[in-house]
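The values are calculated or read from the model by the stated rules, or taken from the named source; none is laboratory data. Since we're looking at a predicted model, the values are computed, not measured. Methodologically, a virtual Cβ is constructed for each residue, glycine included, from the backbone with ideal geometry; neighbour enumeration extends over all protein chains shown. With ligands, DNA and RNA removed, areas are computed over all heavy atoms of the protein, side chains included. Shrake-Rupley method; radii C 1.70, N 1.55, O 1.52, S 1.80 Å.
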Amino acid sequence: MEFCDVALPVPLDMAFTYGVPEGMEPVVGGRVLVPFRQQRLSGIVTDLHDRKPAVQIKSVIRVLDSTPVLDAQLLRLGQWIAGYYLAPIGDVFRTMLPLNAEFKRTISYSIAEAGHTALHAAGTAGSSARARRTPEEQFNEIKVLEYLSGGEPARERTLRSATGASKAVLAGMMRKKWVTRADLSDVRDAARRVKVAVLRSAEGKLNANQQTLLDSLAAAGGRVALDTLQELEVPRTTLSTLVKRGLVEILEESAELVRSKIRVRPSPLNFQFNSAQQEALETIQAGVTAGKFSGMLLHGVTGSGKTAVYLAAMRSVLEAGRSAILLVPEIGLTPAVAADLHSVFGDEVAILHSALTDQERAEQWHRIKRGEARMVVGTRSAVFAPVPDLALIIVDEEQDSSYKQEEMPRYHARDVAVMRAKMANGIAVLGSATPSLESYYNARRQKYKLLEMPDRVEQRPLPEVEIIDMRLEFQETGREQVVSRKLAAEIKERLERKEQVMVLLNRRGYSPVALCRACGKKLECRNCAISLTHHKREHRMACHYCGFTAAVPKACAHCGSDYVYFLGTGSEKLEELLHGMFPQARIARLDRDTVRGQEDFERALNALNEGELDLLVGTQMIAKGHDIHGVTLVGVVGADMALGMPDFRAAERTFQLLTQVAGRAGRGQMPGKVVLQTCFQDHYAVQYAAQHDFTGFYEKELQFRSWMHYPPYSALANVLVRSDQLDEALRWSGTLGQWFEKTRHEGVRVLGPAAAPIVRLKRDYRYHFVLKSPSREKLNGLLRSMLVYAAQEKIPRTQVIVDVDALWLM
């Protein structure tokens, strides 16, 4: 074939045709390196043909794969995602392939003839040339030209570091033809290597340091990583002397993935299954054996033994020589689940999640592709794992919002898992104690099989829930309380009995608002229309959306007043309050501020498991999936914060969070209790959560959804128009608003344009439309037509975000 169509990771809804030079043999589903504008990109071949294009084309630079990295089924899945979520196909394939580590981007700059002339002019005089640019821009341009004036090309990173020039400055210099840019990007070996010391002999005369080193090697089985040996208190020359004498050899080997240090729980497969577990397992096994697609919703209360059913089903798949994927929502859940899987399946397990480095992800992907690991566990991107002969996909905590990607392509891993299982004639199992309304609605309408597990294992009771009305607490005490008297008394009682406590406050930081009492203005992020959060321990104000930080204000930035007041309570302040109330207790906090990496998370959970902590404070990170048998009390502070959000899913999110965190109590032999503090004790989400009544909540919430035509009764999409220029965002959203008004769109309701609830985020002004329709086909067709019109009106594709099945409307 003379030509190939290539999907490239660019925001354009099309593939690009390239010529295939003689001797090259690209394959459909394989990667090729191609020129695109002024750069080199790696893309996926989608077609090989002899249809000569009408325009002049470029040729493939290099074929990167002799066999497909995406098989026919994954290619089909990618094309479905691109069509359903209206995402550029190249972006979809890039998301499906975690192989960034194998492609090294190298950009270099050289000075052009016009650059030499400009440098000479700047040195002689020419104030008119200087007047057109800011002093800083001019200074950076001169520094770049001086740096390149020797004639040697310089890499972009080196050039920017040496001169302080931004990418915008370099782009401006290219437009003026002062510099030229070359893209030398190419593939590289991404395998991680580690140096290992190997003991060859222990004979001969040795000094004390040499003996210590050899003893350490012998104790470790004769093979130790060099990094570990260098931690010994011996001179570095000791090892090199032993190498010269031939007693030790240094080898370079492939690095292994560091396994979770979390304590392995007793295998859930060693317990006797109850009748509900056995029935659910047999239904899943029968579906796998039948070899036909089936979707199943496993609805089991917290502590009902869903994980044991997952592992037993996966083991039966492995014994049949087939493959399975288990998706978990949070990265934090993966170590515990991975530890369970390693104990059951050994080296047949691969882990895929975003906390891994690019090299580690690539290694795990290749292990799966080679068939070395047929059991895969991971977060949402693991749904694309290239397992052979896929029989089973399990989505644990299927209602969790972290399965929805909030950047292009905006896919939902739960729905993609169902579609992948359908394409593979496999089984998709969605599991949860609090299923999303959409999934439960589908199960009620027989779209999925409904598997119920209504009781906890070993007849353990669900925890008692006590609601504390914080309005009444204020009336009786005369002051604002963070921890109610009842919760404080319950914590004191548990600590005296040497039992463990969890307290949830789903808000990070010390105080969420810094307010001036003189002028009434808040301290806001300079990039977002969001209040900065006070982080007391780190002495800073931070934006939790864009990462901007500022010093803690001593005076108001607007009026200069000293009366700056910190309002509200976050998890850091709650931890401090509890330390003051219970000085003898061992207290830790688990949120994104204390968990910088995987080890921090594992350390906290291990401490709780081993009984080294009495009380754990945290955000929603502590609410889901953790099986800590010593926890007998869960306190929930500010349980109803989400109910005030302008979001039709606010009640559902609140119910799910309360039910999930309540499920952490009483998972061992001792019964549990939940103390739930709220200002809206009569709200149905709070009441049904306290009663552990999912069905009651489902029926009530479904009424509101049907009246307002929200999912599951309608398909929903959010169209967001953004720009860092306010007038541009207004003009573009107005243009699209007028088009929606003029266009006939029967069966689709369009709301907007309106300012997004967070009108400015990461420097962009944001306006949005919400579209609802009972027909997905009509909704999809209207969105496609809108994107075509936006392109005709020269509205950049990256500035119009289409979010199909949107979960976040803020």
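Summary of values
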{"item": "Test: D727 is in contact with an Asp or Glu (Cβ under 6 Å, 6 or more places away or on another chain) and more than 30 Å from L462 (Cβ to Cβ)", "result": "no"}
{"item": "The stretch 282-318, residues that are touching a residue at least 24 places away in the same chain (Cβ under 8 Å), over 26 Å from V661 (Cα atoms) and of a type in the set (A, V, I, L, M)", "result": "I284, V288, A313, M314, V317, L318"}
{"item": "Hits in the stretch 194-239 (condition: open to solvent by 50 Å² or more (accessible area, probe 1.4 Å), assigned to a helix (DSSP H, G or I) and within 14 Å of L251 (Cα to Cα))", "result": "D227"}
{"item": "When residues of the stretch 693-733 are limited to those that are under 20 Å from I758 (Cα atoms), polar (S, T, N, Q) and without any contact (Cβ under 8 Å) to a residue 60 or more places away in the chain, the one surrounded by the most Cβ atoms within 10 Å (Cβ to Cβ)", "result": "S733"}
{"item": "Residue match in the stretch 570-580 (condition: in a loop (DSSP other than H, G, I, E, B), touching a Gly at 6+ places or on another chain (Cβ under 6 Å), at pLDDT below 80 and not β-branched (V, I, T))", "result": "no"}
{"item": "Residue in the stretch 742-749 that is touching an Asp or Glu at 6+ places or on another chain (Cβ under 6 Å), more than 26 Å from L505 (Cβ to Cβ) and buried (at least 18 other Cβ atoms within 10 Å of the Cβ) present", "result": "no"}
{"item": "Count of the stretch 29-46 residues which are among the hydroxyl-bearing types (S, T, Y) and in contact with a Gly (Cβ under 7 Å, 6 or more places away or on another chain)", "result": "0"}
{"item": "Residue within the stretch 770-779 that is aliphatic (A, V, I, L, M), open to solvent by 30 Å² or more (accessible area, probe 1.4 Å) and outside any helix (DSSP H, G or I) present", "result": "no"}
{"item": "Options A790, A717; residue that is under 25 Å from Y411 (Cβ atoms), of a type in the set (A, V, I, L, M) and in contact with an Asp or Glu (Cβ under 7 Å, 6 or more places away or on another chain)", "result": "A717"}
{"item": "Single match in V344, V349 (criterion: surrounded by 20 or more Cβ atoms within 10 Å (Cβ to Cβ) and more than 22 Å from S402 (Cα to Cα))", "result": "V349"}
{"item": "From the options L807, L736, residue that is farther than 20 Å from P409 by Cα and surrounded by 16 or more Cβ atoms within 10 Å (Cβ to Cβ)", "result": "L736"}
{"item": "Residue satisfying condition, being part of a helix (DSSP H, G or I), in contact with a Leu (Cβ under 8 Å, 6 or more places away or on another chain) and under 21 Å from P435 (Cα atoms), within set L341, L326, L311", "result": "L311"}
{"item": "Hits in the stretch 24-35 (condition: surrounded by fewer than 16 Cβ atoms within 10 Å (Cβ to Cβ) and under 17 Å from M14 (Cα atoms))", "result": "P35"}
{"item": "Conditions (1) open to solvent by 80 Å² or more (accessible area, probe 1.4 Å); (2) part of a loop (DSSP other than H, G, I, E, B); (3) at pLDDT below 85; number of the one not met by E152", "result": "(3)"}
{"item": "The stretch 558-568: number of residues that are of a type in the set (G, A, S), over 35 Å from the mean Cα position of the chain (by Cα) and surrounded by 13 or more Cβ atoms within 10 Å (Cβ to Cβ)", "result": "1"}
{"item": "Members of the stretch 393-402 found to be open to solvent by 10 Å² or more (accessible area, probe 1.4 Å) and under 17 Å from I284 (Cβ atoms), listed by number", "result": "D396"}
{"item": "Verdict on L590 being modelled with pLDDT of 80 or more, in contact with a Leu (Cβ under 7 Å, 6 or more places away or on another chain) and on the phi < 0 side of the Ramachandran plot", "result": "yes"}
{"item": "The stretch 36-63 - residue that is touching a residue at least 60 places away in the same chain (Cβ under 8 Å) and farther than 16 Å from L97 by Cβ and, of those, surrounded by the most Cβ atoms within 10 Å (Cβ to Cβ)", "result": "R40"}
{"item": "Output for the stretch 751-793, where each listed residue is among the charged types (D, E, K, R), touching a residue at least 24 places away in the same chain (Cβ under 8 Å), over 26 Å from F548 (Cα atoms) and out of contact with any Leu (no Cβ under 9 Å at 6 or more places or on another chain)", "result": "R776, K778"}
{"item": "Matching option when the condition is within 34 Å of the chain's Cα centre (by Cα) and either closer than 30 Å to G630 by Cα or charged (D, E, K, R) (or both), among N506, N527", "result": "N506"}
{"item": "Subset tally (residues that are outside any helix (DSSP H, G or I) and over 27 Å from H709 (Cβ atoms)) for the stretch 780-810", "result": "4"}
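Residue-by-condition table, conditions (1) touching a strand residue (DSSP E or B) at 6+ places or on another chain (Cβ under 6 Å); (2) in a strand (DSSP E or B); (3) open to solvent by less than 10 Å² (accessible area, probe 1.4 Å):
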site	(1), (2), (3)
H299	yes, yes, no
V317	yes, no, yes
A355	no, no, no
R367	yes, no, no
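One line per residue, one yes/no per condition, for (1) at pLDDT 90 or above; (2) surrounded by fewer than 23 Cβ atoms within 10 Å (Cβ to Cβ); (3) farther than 24 Å from P9 by Cα:
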| site | (1), (2), (3) |
| --- | --- |
| A362 | no, yes, no |
| R370 | yes, yes, yes |
| V376 | yes, no, yes |
| R380 | yes, no, no |
| A391 | yes, no, yes |
| K404 | yes, yes, no |
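Matching residues to (1) open to solvent by less than 20 Å² (accessible area, probe 1.4 Å); (2) under 20 Å from R460 (Cα atoms); (3) part of a loop (DSSP other than H, G, I, E, B); (4) not polar (S, T, N, Q):
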| position | (1), (2), (3), (4) |
| --- | --- |
| E612 | no, no, yes, yes |
| T632 | yes, yes, no, no |
| F648 | no, no, yes, yes |
| A651 | yes, no, no, yes |
| G666 | yes, yes, yes, yes |
| D682 | no, no, yes, yes |
| A685 | yes, no, no, yes |
